[in-house]
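Undergrad: Sharing a structure below in structure tokens format, with a few things to ask.
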Amino acid sequence: MPDNDSIFASRALYLQVAERLREQIFNRELEPGSWIDEQKLAADYGISRTPLREALKVLAVEGLVTMKMRRGAYVTEMSAQDVSQVYRLLALLESDAAAQVAETASSADLAELRQLHEQLEAQVGQRDDFFRTNERFHMRLLALAHNRWREQIVNDLRKVMKLNRHHSLFRQGRIEESLAEHRALLTALEQRAPEQAARLMRAHFDNGLTAAQTA
């Protein structure tokens, strides 16, 4: 029977493998819709297939991997309907968070969001940095709303959105529109206007979905 150290080492290994797979998926080294060759990956990683299979289960729960009976694991491919459904859920969850933040956030909290937005403004033209900071802005707003369940759900939905081939910000002019929407949202938050903040956040996602559909 394995001792506790070997059990924890095994758990740590499959989580490390899950993180490496996740990065390969996000970097398009494993394309959406592609079959995951477990034997090749295990050899590439220098591990047995057991921790790899455990890692695939983790990614399946996150929605990044789809397990098909007798066919193995595939990188999840987002349909147009999938994209629409995820955007609508994000709009509901993040607009509610925006209203909460408008009511309860401290001045220091709002200053932190303002600083993240200013960082975004400075990163136009630096695509990867811009995307990372944009996500940090949204996740920080969620954290300030103090609902860990909502935060967890949104975090998983945002992972799945990275599978979308047609990111909304890829459309010409969308980055400038998105920044303008952020500016309006920040003003509503700073004016302590929860209904307006919720409305602006919903519009932000509605516009993002339209952009993703036309990208």
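The values are calculated or read from the model by the stated rules, or taken from the named source; none is laboratory data. Just so it is clear, the structure is predicted and the values come from calculations on it, not from any experiment. Note: ideal-geometry Cβ built from the backbone for every residue, glycine included; neighbour counts use all protein chains shown. Only protein heavy atoms, including side chains, enter the accessible area calculation; ligands, DNA and RNA are left aside. Shrake-Rupley method; radii C 1.70, N 1.55, O 1.52, S 1.80 Å.
Undergrad: Which condition from (1) within 23 Å of Q100 (Cβ to Cβ); (2) crowded, with 19+ Cβ neighbours inside 10 Å is the one that Q196 breaks?
TA: With (1) within 23 Å of Q100 (Cβ to Cβ); (2) crowded, with 19+ Cβ neighbours inside 10 Å applied to Q196, the lone miss is (2).
Undergrad: For residues that are over 24 Å from the mean Cα position of the chain (by Cα) and surrounded by 15 or more Cβ atoms within 10 Å (Cβ to Cβ), scanning just region 41-56, find the one that is nearest to L15 (Cα to Cα). Let's see the steps before the verdict.
TA: Quick first cut of region 41-56, residues over 24 Å from the mean Cα position of the chain (by Cα) only: 41-51.
This time we only want the ones that are surrounded by 15 or more Cβ atoms within 10 Å (Cβ to Cβ), so: 41-42, 45, 47, 51.
Numbers: L41: 15, A42: 14, Y45: 13, I47: 13, P51: 8 Å.
In this case the residue turns out to be P51.
Undergrad: Looking for whichever is within 30 Å of L52 (Cα to Cα), touching a residue at least 12 places away in the same chain (Cβ under 8 Å) and buried (at least 18 other Cβ atoms within 10 Å of the Cβ) here; the options are L157, L142, L93. Which one fits?
TA: L157
Undergrad: Now a separate question. Within region 96-115, which residues are surrounded by fewer than 20 Cβ atoms within 10 Å (Cβ to Cβ) and under 20 Å from the mean Cα position of the chain (by Cα)?
TA: D96, the sole residue that qualifies.
Undergrad: Sticking with this structure for a sec: Given the structure, is A215 surrounded by fewer than 18 Cβ atoms within 10 Å (Cβ to Cβ) and modelled with pLDDT of 95 or more? Spell out the reasoning first.
TA: On the way: surrounded by fewer than 18 Cβ atoms within 10 Å (Cβ to Cβ): yes; modelled with pLDDT of 95 or more: no.
Taking the combined requirement at face value, the residue does not satisfy it.
Undergrad: Now, a different point. Would you confirm, using the coordinates I've provided, whether V65 is over 16 Å from the mean Cα position of the chain (by Cα) and open to solvent by less than 50 Å² (accessible area, probe 1.4 Å)? Break it down into steps so the answer makes sense when it comes.
TA: On the way: over 16 Å from the mean Cα position of the chain (by Cα): no; open to solvent by less than 50 Å² (accessible area, probe 1.4 Å): yes.
In short, no.
Undergrad: Scan (1) more than 23 Å from R22 (Cβ to Cβ); (2) in contact (Cβ under 8 Å) with a residue 60 or more places away in the chain for the single condition A122 breaks and write down its number.
TA: It fails just one condition, (2).
Conditions (1) within 17 Å of H204 (Cα to Cα); (2) among the basic types (K, R); (3) assigned to a helix (DSSP H, G or I), marked per residue:
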| site | (1), (2), (3) |
| --- | --- |
| A108 | no, no, yes |
| L113 | yes, no, yes |
| D128 | no, no, yes |
| T133 | yes, no, yes |
| L142 | yes, no, yes |
| R150 | no, yes, yes |
| V154 | yes, no, yes |
| R158 | yes, yes, yes |
| N164 | no, no, no |
